[in-house]
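**Q** The following block contains the structure, expressed as structure tokens.
The values are calculated or read from the model by the stated rules, or taken from the named source; none is laboratory data. Bear in mind the structure is a predicted one, so any value in this text is a computation, not a measurement. Note that we place each Cβ from the backbone using ideal geometry, even for glycine, and neighbour counts take in every protein chain shown. Heavy atoms of the whole protein, side chains included, go into the accessibility calculation; ligands, DNA and RNA do not. Shrake-Rupley method; radii C 1.70, N 1.55, O 1.52, S 1.80 Å.
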There are 2 protein chains.
Amino acid sequence: MLWSGAVKENPVLIVGSLAFDDLEMPSGTFNDVIGGAATYSSIATSLLAPVRLVGVLGNDFPEAMLDDLRKRGVDTAGVERAQGKTFRWRGRYSDDLSSRTTLDTQLNVFADFRPKIPKTFKSSPYVLLGNIHPALQLEVLAQVDKPKLVAADTMNFWITGEPKLLGEVLSKINLLVINDEEARQLTGIHNLVKAAADIRKRGPSRLIVKRGEHGALYFDDGGAFFAPAYLLEDVVDPTGAGDSFAGGLLGYAARVDDLGPHAMRRAMYFGCALGSFCVEGIGPRRLQDVTPADLNKRMHAFTALVETGGALTVPE
Amino acid sequence: MLWSGAVKENPVLIVGSLAFDDLEMPSGTFNDVIGGAATYSSIATSLLAPVRLVGVLGNDFPEAMLDDLRKRGVDTAGVERAQGKTFRWRGRYSDDLSSRTTLDTQLNVFADFRPKIPKTFKSSPYVLLGNIHPALQLEVLAQVDKPKLVAADTMNFWITGEPKLLGEVLSKINLLVINDEEARQLTGIHNLVKAAADIRKRGPSRLIVKRGEHGALYFDDGGAFFAPAYLLEDVVDPTGAGDSFAGGLLGYAARVDDLGPHAMRRAMYFGCALGSFCVEGIGPRRLQDVTPADLNKRMHAFTALVETGGALTVPE
């Protein structure tokens with residue numbers, strides 16, 4: 001299962017958390033589920049491009065999971081195993097899975113994490129900075145050589161707690177990937193078109209605003225673009241969907257090695273497709289099972305969901 | 001301004017409320033705004049096809065508004081002017097316009113409304129039944145001759161209050177147009193794909209589930225389709241957006257006289273486009289100003305919002 005065996009070029013450097021999640025779902029509680037933004041993103045990206053992973057885990061993280069990542073083309077040379085326990089998050093989802101509450105966060109070995117980018121990773125053309133402290137995101141950027149695209153995630157905690165450092169991150173990245181609430185919080189602007197314009201002035205020429213089950217918006221010099229979420233009959237666990245989205249998006253961009261307006265708009269659909277697989281199982285289980293054939297099949301179904309079979313012009 | 005002067009075929013029969021709305025918006029209060037589902041739908045449809053309007057209004061409804069409707073190709077032969085006051089609705093919107101509360105409803109002349117379909121309207125090939133009592137919707141259906149498409153709206157009030165009559169309506173229509181909450185309430189099923197399948201078993205082979213600013217879903221024998229809401233910088237007043245959507249959709253279907261899967265999917269975009277104009281002004285003001293050129297321009301911009309410039313397949 002060398003997913004990207006044929007593609008040696010354009011690896012994606014992914015820096016972020018590897019974790020255990022304890023998930024209190026309407027369907028029951030699932031403890032010790034493998035999680036972490038970098039885990040989800042890596043699995044998603046690996047379906048389309050080689051991955052170089054940087055993160056930290058404790059003694060308790062199963063080597064089998066790392067083996068699985070390596071089998072799918074993830075270079076784990078940047079994954080550090082520290083003495084102690086792996087980062088752990090416990091959350092509870094609402095009955096309709098549309099919202100969640102953090103019950104507990106244990107940083108554990110993540111508390112002292114300082115990303116060290118292996119020499120062989122420094123020239124990675126595509127970089128995905130997971131949702132970590134902006135100071136650490138800046139440390140990563142100081143260690144890499146002029147990537148073609150640097151995408152970064154962030155969250156409300158850094159928006160309110162580290163606005164200055166986050167501002168510095170924004171000035172140095174090409175693509176910010178956040179959700180609608182975060183876009184509004186970051187700018188103080190409710191309307192997303194106006195909020196997007198405000199954010200793009202701060203540095204990233206490209207912006208993605210994720211809206212969960214309502215899809216995602218992309219903004220670049222060519223204007224706004226919208227991609228819907230894939231329509232599912234059974235949503236099991238939204239954990240990691242946003243990270244899988246970012247991973248799929250970067251994976252496609254790297255695979256085609258094209259940052260043009262159309263390629264990035266298609267990349268949005270690949271992000272949404274990977275997010276849709278993610279939510280079909282508890283943790284990354286379903287995502288891990290996805291084959292390239294599954295992805296092709298989903299893209300086919302996705303096309304049917306949006307295909308109008310002709311131009312949207314007023315008939316004569 | 002004979003919008004549909006060139007198109008004599010395929011008029012759309014629209015039956016529903018004509019009203020005054022008192023709107024408490026974050027930007028201020030607007031009293032005596034011309035409203036009513038049939039008003040919004042008629043204006044929207046008239047951009048694409050001739051309209052035949054059936055409804056009731058009181059002594060206080062301005063003749064100038066009816067003149068405006070007639071100028072745009074709306075046949076008002078089915079509009080009855082009764083002694084008394086026009087139907088009135090008063091509502092208050094939330095700060096972000098995402099929700100509203102009904103403060104007052106005065107049925108007035110609408111209380112005794114019994115739709116009488118003029119002889120010349122009976123053979124209308126397209127019929128839009130606005131959100132009125134299901135008994136009245138059935139009375140309309142008893143008076144028309146085998147339309148090609150009957151679309152109907154309804155609401156929570158009838159879903160809980162008149163389930164039997166509503167069930168009879170469902171068994172006699174081709175297309176139900178409701179919002180996501182109503183679809184869930186009607187079926188008791190949260191997942192919209194499953195709810196849609198349940199509703200389609202009850203009669204209408206076609207179903208639209210409106211999701212406000214998050215677009216709309218369409219279900220038919222060909223599967224599911226999604227059209228996003230057009231992205232706006234300034235949303236002023238969502239009143240009538242759903243009715244404008246339904247009007248635009250029916251207008252396009254009638255204009256092309258095609259109920260095939262692709263035409264209906266394009267019709268979804270025309271519905272969304274008309275809805276997007278509607279919310280740009282208080283009441284139907286903006287919608288009334290829309291020219292065919294404006295509509296063409298919006299469809300062009302809408303295309304840019306969703307265009308991927310190529311197939312969504314995994315690159316080799």
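**Q** Can you list the residues in the range B:273-312 whose accessible area drops by at least 50 Å² when all protein chains are present, compared with the chain alone? Use a 1.4 Å probe, heavy atoms only.
**A** Those residues are B:Leu305, B:Thr308, B:Leu312.
**Q** Using a label point 7 Å beyond Cα on the Cα-Cβ vector, give me the inter-copy distances for A:Glu24 in nanometres, one decimal, shortest first.
**A** Distances between equivalent label points, in nm: 3.7.
**Q** Determine the order of A:Arg265, A:Arg92, A:Arg206 by accessible area, beginning with the largest, at a probe radius of 1.4 Å.
**A** These residues rank, largest area first, as A:Arg92, A:Arg206, A:Arg265.
**Q** Distance cut-off 29 Å, Cα to Cα: go down the list B:Lys71/B:Lys116; A:Lys146/A:Lys210; A:Lys297/B:Lys297 and report the pairs above it.
**A** The pairs that break the limit, which is 29 Å between Cα atoms, are A:Lys297/B:Lys297.
**Q** Can you put A:Val79, A:Val235 in order of accessible area, largest first, using a 1.4 Å probe?
**A** A:Val235, A:Val79
**Q** Would you mind counting up the charge near A:Arg90? Only other residues with Cβ under 10 Å from its Cβ, with Lys and Arg at +1 and Asp and Glu at -1.
**A** Summing Lys and Arg as +1 and Asp and Glu as -1 gives -2.
**Q** A further question follows. Output the relative contact order of the range A:104-249, whole-number percent, from Cα pairs under 8 angstrom with separation of 6+ residues.
**A** 16
**Q** Please list, in order along the range B:97-104, the HN-Hα scalar couplings obtained from phi with the Karplus expression 6.51 cos²θ - 1.76 cosθ + 1.60 (θ = phi - 60°), rounded to whole Hz, x for Gly and Pro.
**A** 6, 7, 9, 8, 10, 7, 9, 7
**Q** Sort the range B:43-84 into rounded, prolate or oblate with this rule: let a ≥ b ≥ c be the square roots of the eigenvalues of the Cα gyration tensor; rounded if a/c is under 1.5, and if a/c is not under 1.5, prolate when a/b is larger than b/c, oblate otherwise.
**A** Here the range B:43-84 falls in the prolate category.
**Q** Tell me, what ³J(HN,Hα) does each residue in the range B:22-27 have, in order and in whole Hz, if you take phi through Karplus 6.51 cos²θ - 1.76 cosθ + 1.60 with θ = phi - 60° and put x for Gly and Pro?
**A** Each residue's phi maps through the Karplus curve to give 10, 10, 9, 9, x, 8 Hz.
**Q** Any idea of B:Ile178's accessible area? Nearest 10 Å², probe 1.4 Å.
**A** B:Ile178 exposes around 0 Å² with every protein chain in place.
**Q** Right, something else. Kirkwood hydrodynamic radius for the range B:141-227: how many Å is it when counted over pairs of different Cα atoms?
**A** After inverting the pairwise mean of 1/r, the radius is 13.1 Å.
**Q** Look at the axis of the rotation that sends chain A onto chain B, then give the chain A residue with the nearest Cβ and the distance in whole Å.
**A** Closest Cβ to the A-to-B rotation axis, residue and whole-Å distance: A:His214, 2.
**Q** Loop only by DSSP, 12 or fewer other Cβ within 10 Å of the Cβ. Give me the GluC sites (Glu not before Pro) in the range A:165-242 that pass, ordered by residue number.
**A** A:Glu233
**Q** If you plug each phi of the range A:85-96 into the Karplus form 6.51 cos²θ - 1.76 cosθ + 1.60 with θ = phi - 60°, what whole-Hz ³J(HN,Hα) values come out, in order, with x for Gly and Pro?
**A** Listing the rounded values in order: 9, 6, 3, 9, 10, 10, x, 10, 9, 6, 4, 8 Hz.
**Q** Take every residue in peptide B:222-232, count the Cβ atoms of other chains within 10 Å of its Cβ, and give the average of those counts.
**A** 5
**Q** Quick check: from the Cα gyration tensor, does the range B:231-313 come out rounded (a/c under 1.5), prolate or oblate?
**A** Oblate, because a/c is 1.5 or more while a/b does not exceed b/c.
**Q** Sequence neighbours fewer than 8 away in the same chain don't count; with that in mind, list the aspartates and glutamates whose C-alpha is under 18 Å from B:Lys164.
**A** B:Glu139, B:Asp153, B:Glu182, B:Asp198
**Q** From the gyration tensor of the Cα coordinates in the range A:1-83, what semi-axes in whole Å does the equivalent ellipsoid have, largest first, with each one equal to sqrt(5λ)?
**A** 24, 15, 11
**Q** Please list A:Asp145, B:Asp257 from largest to smallest accessible area, probe radius 1.4 Å, with all protein chains kept in place.
**A** A:Asp145, B:Asp257
**Q** Another one. Going by Cα centres, the range A:25-79 and the range B:182-261 are how many Å apart?
**A** That distance is 39 Å.
**Q** With the Cα gyration tensor of chain A giving a ≥ b ≥ c as the square roots of its eigenvalues, does the rule (a/c under 1.5 for rounded; else a/b larger than b/c for prolate; else oblate) give rounded, prolate or oblate?
**A** rounded
**Q** Follow-up. Could you tell me what % of all Cα pairs in the range A:87-133 have separations over 15 Å?
**A** 65
**Q** For the range B:206-271, what % of the accessible area comes from carbon and sulfur atoms, probe 1.4 Å?
**A** Of all accessible area on the range B:206-271, carbon and sulfur atoms account for 46 percent.
**Q** Separate question: Return, for the Cα atoms of the protein assembly as shown, the radius of gyration and Dmax in Å, separated by a comma.
**A** 26.7, 85
**Q** Which value, in Å², gives the accessible area per residue of the protein assembly as shown when a 1.4 Å probe is used on the protein heavy atoms?
**A** So the protein assembly as shown comes to 39 Å² accessible per residue, rounded to a whole number.
**Q** Then there is this: According to a simple spin-label model (label point 7 Å from Cα along Cα-to-Cβ), what is the distance in nm between B:Leu107 and B:Lys194?
**A** Calculated label separation equals 3.7 nm.
**Q** From Cα pairs below 8 angstrom and at least 6 apart in sequence, can you work out the relative contact order of the range A:59-175, rounded to a whole percent?
**A** 18
**Q** If amide H atoms are built 1.01 Å from N in the plane of the peptide, which residues on other chains or at least 5 residues away come under 5 Å of the amide H of B:Arg52?
**A** Result for B:Arg52 returns B:Val12, B:Leu13, B:Ile14, B:Asp75.
**Q** If one takes the accessible area of chain B alone plus chain A alone and subtracts that of the pair, with a 1.4 Å probe, what total in Å², rounded to the nearest 100, results?
**A** Using a 1.4 Å probe on protein heavy atoms, the buried area is about 3900 Å².
**Q** Please identify the helices of chain A, taking whole runs of DSSP H, that span at least 18 Å along their own axis as judged from the Cα atoms and have a mean Kyte-Doolittle score of 0.0 or higher.
**A** Membrane-span-like by this criterion, though nothing is claimed about a membrane: A:241-256, A:261-278, A:292-306.
**Q** Once R0 is set to 51 Å, what does the formula 1/(1 + (r/R0)^6) return for the Cβ-Cβ distance between B:Ala64 and A:Ala142, expressed as a FRET efficiency to the nearest 0.05?
**A** The formula returns an efficiency of 0.15 here.
**Q** For the range B:90-242, what are the per-bin percents of Cα-Cα distances with bins 5 Å wide, up to the bin holding the maximum?
**A** Calculated P(r), rounded to whole percents: 2, 8, 16, 20, 18, 17, 12, 6, 1, 0.
**Q** I'd like the accessible area for B:Ser98: 1.4 Å probe, protein heavy atoms, all chains in place, Å² to the nearest 10.
**A** B:Ser98 has an accessible surface of roughly 80 Å² with all protein chains in place.
**Q** In nm, what does the list of distances from B:His262 to its counterparts in the other copies look like, shortest first, when each label sits 7 Å along Cα to Cβ?
**A** So the distances to the same position in the other copies read 1.9 nm.
**Q** Continuing with this model, one more query. For B:Glu168, place a label point 7 Å from Cα along the Cα-to-Cβ direction in every copy; what are the distances to the other copies, in nm, shortest first?
**A** Going from nearest to farthest copy, the values are 7.3 nm.
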